[in-house]
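Below: one structure, written as structure tokens.
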Amino acid sequence: MVINQWVPAAHKGDAVGDSARRVRDLLRTMGHESDVFALTIDEGLRHDVRPFRDEAARRGDATILHFAIPSPMTEAFASLHSRRVLQYHNVTPAAYFAPWEPSIFSLTARARRELATLAQRVDLALGDSEYNRRELVALGFDAARTGVFPIAIDTARVTQAANRPALEQILDDGLVNFLFVGRIAPNKKIEDHLKLAECYRRYVDREFRCIFVGRFDAVPRYYSMIRALIAEYDLPGDRYVFTGPVPDEELAIYYQRAAVYISLSEHEGFCVPLLEAMATDVPVLAYAAAAVPDTLGGAGVQFAPKDLEHAAELLGALTFDDDLRRQIIIGQRRRLADFGDARIARDLTNMVQRLSGGGTPD
């Protein structure tokens with residue numbers, strides 16, 4: 001069977017594109033023909049991803065469209081006469097961007113409208129979390145034709161042996177490192193990280209550093225507000241580090257030197273950094289919102305409502321209570337196994353059976 005995947009953009013280090021390439025490799029080992037096609041392709045991936053203009057893109061027995069942004073692929077996908085599988089990676093609600101960036105507000109609003117046009121035009125609609133699957137149903141997709149297929153991640157990029165002596169020396173200076181990985185964007189609630197840090201500084205300990213790894217230029221006005229808050233709170237500037245994007249080797253070191261991974265986001269469709277933290281044995285402290293409980297299962301330390309004084313107490317316990325840390329790490333390792341290749345291969349087999357009329361996915 002020829003099973004192709006379409007992604008609007010193939011960027012190295014992007015969770016959606018990386019997952020598509022990993023799924024392609026698994027499909028090939030299962031005996032299927034498979035390729036990934038993209039509208040835009042990073043120079044370093046041109047040997048690995050094929051351009052969407054290639055006629056072979058439309059010759060699959062089944063095609064998986066990875067949807068997270070609007071693109072010309074959507075209508076082309078709907079017009080295919082072969083089997084059509086939607087893999088939904090979520091669209092952040094436009095309301096988060098309304099005060100900060102009109103262009104992103106418009107883009108995300110259009111993405112939701114475009115997604116809804118596929119409701120009666122796919123054979124299967126798969127969310128990468130149960131949260132996303134329920135959202136598809138709410139948008140009009142037939143519940144009987146929905147399912148969950150998680151992002152396939154390769155944790156080797158954060159568990160690799162890395163050698164950056166200067167960075168390691170900075171991170172090993174005696175301060176406790178608290179880590180966040182992702183875009184500096186309104187739904188991530190970076191301002192709550194600052195408020196949590198202030199509670200932690202006031203009630204628990206002052207010797208810590210907050211590290212934010214990821215783009216901070218996506219929503220410039222929001223990032224400016226974050227910098228203004230740091231000044232308003234009179235927080236020590238060198239204790240709040242915004243790195244921007246970093247290469248995989250440096251990302252690995254940030255994880256490996258972190259005491260706790262913190263997620264205070266109010267909207268996630270999956271949240272790959274939670275799995276990367278678990279893969280590097282970094283205890284996770286997370287606000288239990290949107291898809292975060294789906295991804296963590298019962299792992300990590302989750303809390304709701306968002307009481308940041310209580311969260312500061314939890315953060316202190318995860319930092320200094322060695323027995324608690326060991327218990328949390330054991331649970332995270334157990335949960336991480338649920339996202340291994342065996343699970344992905346099983347789900348792929350079930351998907352193919354369903355497309356062939358031979359059964360439904362678990």
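Ranking of 225, 278 by neighbouring Cβ atoms within 10 Å, starting from the fewest: 225, 278. Neighbour counts of C-beta atoms inside 10 Å place 66, 193, 47 in the sequence 47, 193, 66, starting with the fewest. Take the Cβ atoms of residue 198 and residue 163, set R0 to 41 Å, and the FRET efficiency comes out at 0.70. Between the labelled values [x] 27; [y] 20; [z] 15, the entry that holds percent of Cα pairs over 40 Å apart as derived from this structure is [z]. Label the stretch 156-338 by shape, choosing from rounded, prolate and oblate, from the square roots a ≥ b ≥ c of the eigenvalues of the Cα gyration tensor; if a/c is under 1.5 it is rounded, and otherwise prolate applies when a/b is larger than b/c, oblate when it is not. Rounded shape, in that the Cα axes give a/c under 1.5. Neighbours of residue 203 by Cβ distance under 10 Å: Lys/Arg scored +1, Asp/Glu scored -1, total -2.
Spacing of the modelled spin labels on residue 349 and residue 43, each 7 Å from Cα toward Cβ, amounts to 4.3 nm. Spatial offset of the stretch 63-138 relative to the stretch 184-213 amounts to 32 Å, using the alpha carbon center of each.
Taking the longest Cα principal axis of the chain as reference, the axis of helix 220-232 is set at about 20 degrees.
By the beta-carbon count within 10 Å of each Cβ, the least crowded to most crowded order of 39, 196, fewest first, is 39, 196.
The spacing between the stretch 255-330 and the stretch 333-347, judged by their C-alpha centroids, is 20 Å. Computed about the Cα centre, the dipole magnitude for the stretch 156-338 is approximately 300 debye when only Lys and Arg (+1) and Asp and Glu (-1) carry charge, each at its Cβ. Annotation for residue 2 and residue 59: the two label points, set 7 Å from Cα along the Cα-Cβ direction, are 0.4 nm apart. Counting only DSSP beta bridges with both residues in the stretch 144-251, the antiparallel share comes to about 10 percent. In terms of the mean number of neighbouring beta-carbon atoms within 10 Å, the peptides 54-62, 164-172, 68-76, 1-9 order highest first as 1-9, 68-76, 54-62, 164-172. Taking the Cβ of residue 100 as the centre, find all other residues whose Cβ is under 15 Å away and add up their charges (Lys, Arg: +1; Asp, Glu: -1). Result for the neighbourhood of residue 100: +2. Can you check what the net charge comes to around residue 314, using other residues whose Cβ is under 13 Å from the Cβ of residue 314 (Lys, Arg +1; Asp, Glu -1)? Value of the local net charge: -2. Think of each Lys and Arg Cβ as +1 and each Asp and Glu Cβ as -1; about the Cα centre, that makes the dipole of the stretch 105-247 roughly 500 debye.
No value in this document is a laboratory result; all are computed from the given coordinates. Keep in mind it's a predicted model, so treat the numbers as computed, not measured. Glycine gets a Cβ as well: all are built from the backbone with ideal geometry, and neighbour counts include every protein chain shown.
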